[in-house]
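Heads up, the thing below is written out as structure tokens.
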Amino acid sequence: MELKILRLGINGEGVAKIPEGNNQDKICFVEKALPDEVVNVNITNEKKSFCTASVVDIKSKSANRIAPKCPYFGKCGGCDIQHMDKPLQEEFKTNLVKDAVCRTLKNNFQVQDVVRVNDFYYRNKMVFPITGDIGNITIGMFRANSHQVVDIDKCILAKDEINKVLQLTKDYFNCSKYSGYDFLKKKGILKYLVVRSKSEQILVTIVATKKIDLKQYYEMLERNFSKVGVSIIVSNNDNEILSGNYIYQYGIKGIDIVEFGVKYCVDNRGFLQVNDDIKQYLYEKILGFVDSDDCVIDAYSGAGLLSSIVAKKCKKVIGIEINKSASQSAKNLARDNVLNNVDFINDDVEIVLEDSIRKYAPSVLILDPPRSGCSMGVLKIINNSIMQNQKTTQNKGINKLIYVSCNLATLMRDLKELTLSFDIKYLQPFDMFPQTKHIETLVCLQRRV
Ligand SMILES: C[S@@+](CC[C@H](N)C(=O)[O-])C[C@H]1O[C@@H](n2cnc3c(N)ncnc32)[C@H](O)[C@@H]1O
């Protein structure tokens, strides 16, 4: 069937219409097709109101189509849009956010163009699944929507040192007595290779179903890198990669970093934005929204990096984090940096936010939640705090919200609630993940009255 592609869908696929008679059209999502292209397709899945298709051949090619740089593109599930040139990737991400704002918030608010600072070799952390029998280990990436491992020699989104660890690890474990993990039968020993690289320090974690001694593996890595550390996670949980017993084994325990004047040390469990260059822009922008006399609640504060950076600029910061070990790291971070104006609460935001707003009367609330966004309870607490203020004719309380999101769908859902009391003043997509459909968005909202 020949189709003309009309636009891009939210996953970077082409969208076309198939006439169905009676002036009815069926929407067809065509994998890796670009706007204005004329393509011959095979229908791969047919539903009542839409269908999906793959391209058989391209009869008329878009000027924005480029040859993907990576030989695994289309096989490995890591990248989605390597076939688009940079201008089209940027347009796609900017429009994704613009359309979502328009559709969900019925608002023509001026969305800034996406900020993009790098194209490849940007990821400071990778998680590679390991599979295969003893002596025949495969380390790579999962195929899209599957647990089948595609063997890869390198990932061009990852920093060079990470790819070097990938190669060395393959060679090493192929000469070992350990098997990889069969993700379907749930059997085997070595499950994942986790590598983080920053400031010439490398941290490697092997996730395995039993404890193994990695001394010789560490010695091999040490011959190749000047600062390297090795740990193991013993995990029989197939749902969460990094859950399980984290056991430090050899070399450096964490990566030492200084950013925005804050010194910190992170191991392979701690959260760090994966793209250092774009993170710099994102955090600079966030800092621009807080003033020296602000009191800030940083909900979802993780290991406290953003809280500490903000505390260097403003009067007081209270971080709230549900994870005990992340919250303890945040406390240590504040202590090591002699930041006396920051406190951390180890609890669920939904449980402690109301009291914290009453107690600290913050002028700014930072929300940097996981992909699932904020709960309805949290959004209600924020809106109610504004209504309480109006009743008591106090002009104190939250004046500004700063929302950092890595999931556009949950961001829009949450903004729908928050815009009952706040106006969006700034909304900017950041390309934290070039070559993929994912996007990071920063929103600053101002209390309406
Ligand atoms: C995107 S990370 C935030 C990172 C942090 N802003 C930083 O700079 O390191 C989201 C954090 O929210 C935490 N979290 C998830 N649900 C939570 C909840 N209900 N209450 C408090 N923290 C939560 C997670 O443990 C995670 O550390």
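Each residue of region 227-235 in turn: what ³J(HN,Hα) in whole Hz from Karplus with 6.51, -1.76, 1.60 and θ = phi - 60°, glycine and Pro shown as x?
10, 9, x, 10, 9, 10, 10, 8, 9
Amide H neighbours of ARG123 under 5 Å, at least 5 residues apart or on other chains, H built in the peptide plane: list them.
Excluding prolines and chain starts, which carry no amide H, the hits are ALA158, LYS159.
Amide H of GLY319: which non-local residues (sequence gap of 5 or more, or other chain) have their own amide H closer than 5 Å, using H built in the peptide plane?
Under 5 Å from the amide H of GLY319 lie the amide H atoms of ASP298, ASP343, PHE344, ILE345, each far enough along the sequence or on another chain.
Where in region 1-110 are there trypsin sites (Lys or Arg not before Pro) that are in a DSSP coil and have at most 16 other Cβ atoms within 10 angstrom of their Cβ?
LYS47, LYS48, LYS61, LYS69, LYS75, LYS106
Cut-off 10 angstrom, C-alpha nodes, Gaussian network model of the chain. Which of ALA208, ALA303, ALA330 fluctuates the most?
ALA208
Just want to confirm a number: the relative contact order over the chain, from Cα pairs under 8 angstrom separated by 6+ residues, in percent.
Over the chain, the number comes to 11 percent.
What do you get for GluC sites (Glu not before Pro) in region 211-307 restricted to DSSP loop and a cutoff of at most 12 other Cβ within 10 Å of the site's Cβ?
GLU240
Is the chain rounded, prolate or oblate when judged by the Cα gyration tensor, a ≥ b ≥ c being the square roots of its eigenvalues, rounded requiring a/c under 1.5 and prolate requiring a/b larger than b/c?
Oblate, because a/c is 1.5 or more while a/b does not exceed b/c.
Find out how many positive minus negative residues lie around SER292, taking Lys and Arg as positive, Asp and Glu as negative, among other residues whose Cβ is under 10 Å from that of SER292.
The answer is -1.
Which whole-number percentage describes the relative contact order of region 273-447, with Cα contacts under 8 Å and a sequence gap of 6 or more?
Computed value for region 273-447: 20 percent relative contact order.
Which whole-Hz ³J(HN,Hα) couplings does region 259-275 yield from phi under the Karplus relation 6.51 cos²θ - 1.76 cosθ + 1.60, θ = phi - 60°, glycine and proline marked x?
Going residue by residue, I get 9, 6, x, 10, 8, 8, 10, 10, 9, 6, 8, x, 7, 9, 4, 7, 10 Hz, with x marking Gly and Pro.
Helix-derived [θ] at 222 nm for the chain: sum -39500 (n - 2.57) over DSSP H runs of at least 4, divide by residue count, nearest 500?
-8000 deg cm²/dmol
Picking from SER176, SER307, SER405, which is most flexible by a Gaussian network model of the chain using Cα springs under 10 Å?
It is SER176.
Sum up the charges of everything whose Cβ sits under 14 Å from the Cβ of ILE58, counting Lys and Arg as +1 and Asp and Glu as -1, but leave ILE58 out.
Counting the neighbours of ILE58, the net charge comes to 0.
Among rounded, prolate and oblate, which fits region 194-313 when a ≥ b ≥ c are the square roots of the eigenvalues of its C-alpha gyration tensor, a/c under 1.5 means rounded, and a/b larger than b/c means prolate?
Because a/c hits 1.5 or more and a/b exceeds b/c, region 194-313 counts as prolate.
Full-extension gain between ASN237 and ALA144, please, as 0.36 nm times their residue separation minus the C-alpha to C-alpha distance.
Result for the pair: 31.4 nm of gain on full extension.
For VAL115, list long-range residues whose amide hydrogen, built 1.01 Å from N in the peptide plane, is under 5 Å from its own amide hydrogen.
Those qualifying (amide H under 5 Å, at least 5 residues apart or on another chain) are PHE430, ASP431.
Stretch ASN42-LYS380 to full length: gain in nm at 0.36 nm per residue minus the Cα-Cα span?
Residue separation times 0.36 nm, minus the Cα-Cα distance, leaves 117.0 nm.
So if R0 is 30 Å, what FRET efficiency would SER372 and LEU420 give, r being the distance between their Cβ atoms, rounded to the nearest 0.05?
Given R0 = 30 Å and the Cβ-Cβ separation, E is 0.90.
If you take the Cα Rg of region 2-65 and divide it by 2.2 N^0.38 Å, with N the number of residues, what do you get?
Against the compact-globule rule of thumb, the ratio is 1.03.
Between VAL266, VAL338, VAL101, which gets the highest mean-square fluctuation from a Gaussian network model of the chain, Cα cutoff 10 Å?
Answer for the Gaussian network model of the chain: VAL338.
In sequence order, what are the phi-derived ³J(HN,Hα) couplings for region 329-335 according to the Karplus relation 6.51 cos²θ - 1.76 cosθ + 1.60 with θ = phi - 60°, rounded to whole Hz, with x for glycine and proline?
Those phi angles translate into 4, 5, 4, 4, 4, 5, 5 Hz.
Here, each number is a calculation from the coordinates, and none is a lab measurement. None of these values were measured; they are calculated from a predicted model. Glycine also receives a Cβ, built like all others from the backbone with ideal geometry; neighbour counts cover every protein chain displayed.
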